[in-house]
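*Asks:* One structure, pasted below without further comment.
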């Protein structure tokens, strides 16, 4: 038997084998179990994420005969053993009509296809039309499809797949249930490749799988195809050096060495690493992009260490490097790297632009600031004082400070106050902070004349209590006597 590529050999045949599309899987499984089936489904997403695979699995669920040939036989777990399931897996099921819209764009092709819609299925329970790359149809083809797509016969199901749903008319989108398939993250791709290579008995390096997962750019089919190529390139094994040479990508370890030189503030080592990179003829703009991406991961590692992505399989090393930088240094280096990337178009050559950007990072690094040996992770704000904490004992109130005697000659005291000794002036203070001991005894007659009291009362009502003592010489009267008491004193004096 001829060799079958990994992408076809390990294509999912049931919903439970599907990788990375749990939201679509849940919706379709529930609809099949409850019997709430729509007549048209639209699967969208980038290449290699499972649009056609989902459509074929759904076609098997609709036509599986393990539980009977009636409508009660519809299931979300096709057996894979009945004639219908095997025929669909082998691509020879009569009632599954797969159409490549990219090669049949004319309206005549669409009319010819729809002429057979009225006829009942020959072998299965439903006649399923799987139209791939449906956005390639012409406007006339869409118009010819609208009526049948809106009200098809009860034995017909339409499954549409496209990578560009924006090109579909709104009239087509409104007639379909749309499911958007997600990109495959590198973690999910590496997990699936680990399982496949383990089943195939192929030796591999985990770091090599991370290179393949990142190069796939969200497509599982691309990852499987690259794995096939890596196995052939490495003579039956998937090794890191072979995969890096095959992909022609920058070795991630060189960029990490640049970051370590920045952490050590070692200019000689920094330039030596750039010279070693130059021997490989890399794209220096891509080197700077990778450097800023690592700085971003370092900032994330400082704040939330568990949230660091492991797209290169270096999470532990990133967390260790994050403790060697201060948060301010990382933010400064990232900003300089972003600006240096934009300045590369004006530089005489890309290598000098990269070197100047790295040197600028160290030149603008704050000098003379003591740096801790290791930054504790994660960085947390200072804890607020607890409400239950016992407050510290307040300091005892200090004795009132007596103000210096005024330089000018005091006015003669009135006759009513000659019998009492003169009191020293007390420094003005707000009423809320004045000691109770300074409040006058209201039972005794006041030591001021009626004219002074009336003048002070008028002034209290016209001026703010926030003015200082130096601005108004009558303030000792205002602060020592409450306003309500001042209003009573004319009657007491009289």
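The values are calculated or read from the model by the stated rules, or taken from the named source; none is laboratory data. Please read all numbers here as calculations on a predicted model, not as lab measurements. Cβ sites come from the backbone with ideal geometry, for glycine too, and all protein chains shown count toward neighbours.
*Asks:* With respect to residue 207, is the statement that it is outside the structural domain of residue 314 (by TED's automatic domain parsing) and over 25 Å from residue 298 (Cβ atoms) true?
*Replies:* So residue 207 does not fit the description; no.
*Asks:* Could you say which residue among 178, 229 is surrounded by fewer than 17 Cβ atoms within 10 Å (Cβ to Cβ) and in contact with a strand residue (DSSP E or B) (Cβ under 6 Å, 6 or more places away or on another chain)?
*Replies:* 178
*Asks:* Kindly provide the set of residues from the range 308-339 that are exposed (fewer than 15 other Cβ atoms within 10 Å of the Cβ) and at positive phi, ordered by number.
*Replies:* Once the filter is applied, which keeps residues that are exposed (fewer than 15 other Cβ atoms within 10 Å of the Cβ) and at positive phi, the range 308-339 yields nothing.
*Asks:* Filter the range 273-307 down to residues that are surrounded by 14 or more Cβ atoms within 10 Å (Cβ to Cβ) and free of Cβ contacts under 8 Å to residues at least 12 places away in the same chain and give me whichever is farthest from residue 337 (Cα to Cα).
*Replies:* Residue satisfying both the conditions and the ranking: 300.
*Asks:* Name the residue that is farthest from residue 353 (Cα to Cα), counting only residues in the range 288-312 that are out of contact with any helix residue (DSSP H, G or I) (no Cβ under 6 Å at 6 or more places or on another chain) and part of a helix (DSSP H, G or I).
*Replies:* Restricting to residues being out of contact with any helix residue (DSSP H, G or I) (no Cβ under 6 Å at 6 or more places or on another chain) and part of a helix (DSSP H, G or I), the top hit is 306.
*Asks:* Quick test for you: out of 58, 62, pick the one residue that is within 23 Å of residue 100 (Cβ to Cβ), surrounded by 16 or more Cβ atoms within 10 Å (Cβ to Cβ) and out of contact with any helix residue (DSSP H, G or I) (no Cβ under 7 Å at 6 or more places or on another chain).
*Replies:* Only one candidate qualifies: 62.
Residue by residue, here is whether (1) part of a helix (DSSP H, G or I); (2) closer than 29 Å to residue 191 by Cα; (3) touching a residue at least 24 places away in the same chain (Cβ under 8 Å); (4) out of contact with any strand residue (DSSP E or B) (no Cβ under 6 Å at 6 or more places or on another chain) holds:
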residue: 316; (1), (2), (3), (4): yes, yes, no, yes
residue: 321; (1), (2), (3), (4): yes, yes, yes, yes
residue: 325; (1), (2), (3), (4): no, no, yes, yes
residue: 328; (1), (2), (3), (4): yes, no, yes, yes
residue: 336; (1), (2), (3), (4): yes, no, yes, yes
residue: 341; (1), (2), (3), (4): yes, no, yes, yes
residue: 344; (1), (2), (3), (4): yes, no, yes, yes
residue: 352; (1), (2), (3), (4): yes, no, no, yes
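*Asks:* Have a look at 91, 50 and point out the one that is touching a strand residue (DSSP E or B) at 6+ places or on another chain (Cβ under 9 Å) and exposed (fewer than 15 other Cβ atoms within 10 Å of the Cβ).
*Replies:* After applying the criteria, what remains is 91.
*Asks:* Could you check the range 1-101 for helices (runs of 4 or more DSSP H) lying wholly inside it with 3 or more residues that are in the same structural domain as residue 160 (by TED's automatic domain parsing) and in contact (Cβ under 8 Å) with a residue 12 or more places away in the chain?
*Replies:* Qualifying helices (runs of 4 or more DSSP H): 22-34, 51-63, 83-90.
*Asks:* Where residues in the range 254-272 are surrounded by fewer than 20 Cβ atoms within 10 Å (Cβ to Cβ) and farther than 13 Å from residue 321 by Cβ, which of them is nearest to the chain's Cα centre (by Cα)?
*Replies:* Ranking the candidates gives 254 first.
*Asks:* Go through (1) part of a loop (DSSP other than H, G, I, E, B); (2) exposed (fewer than 15 other Cβ atoms within 10 Å of the Cβ) for residue 140 and report which single condition fails.
*Replies:* (1)
*Asks:* Kindly check whether there is at least one residue in the range 239-253 that is modelled with pLDDT under 95 and over 30 Å from residue 5 (Cβ atoms).
*Replies:* Yes, that holds for at least one residue.
*Asks:* Residue by residue through the range 26-41, note down the ones that are in contact with a strand residue (DSSP E or B) (Cβ under 9 Å, 6 or more places away or on another chain), buried (at least 17 other Cβ atoms within 10 Å of the Cβ) and closer than 28 Å to residue 9 by Cβ.
*Replies:* Within the range 26-41, 28, 41 qualify.
*Asks:* Among (1) in contact with a strand residue (DSSP E or B) (Cβ under 6 Å, 6 or more places away or on another chain); (2) surrounded by fewer than 20 Cβ atoms within 10 Å (Cβ to Cβ); (3) under 19 Å from residue 315 (Cα atoms), which single condition is residue 208 missing?
*Replies:* Checking residue 208 against (1) in contact with a strand residue (DSSP E or B) (Cβ under 6 Å, 6 or more places away or on another chain); (2) surrounded by fewer than 20 Cβ atoms within 10 Å (Cβ to Cβ); (3) under 19 Å from residue 315 (Cα atoms), the one that fails is (2).
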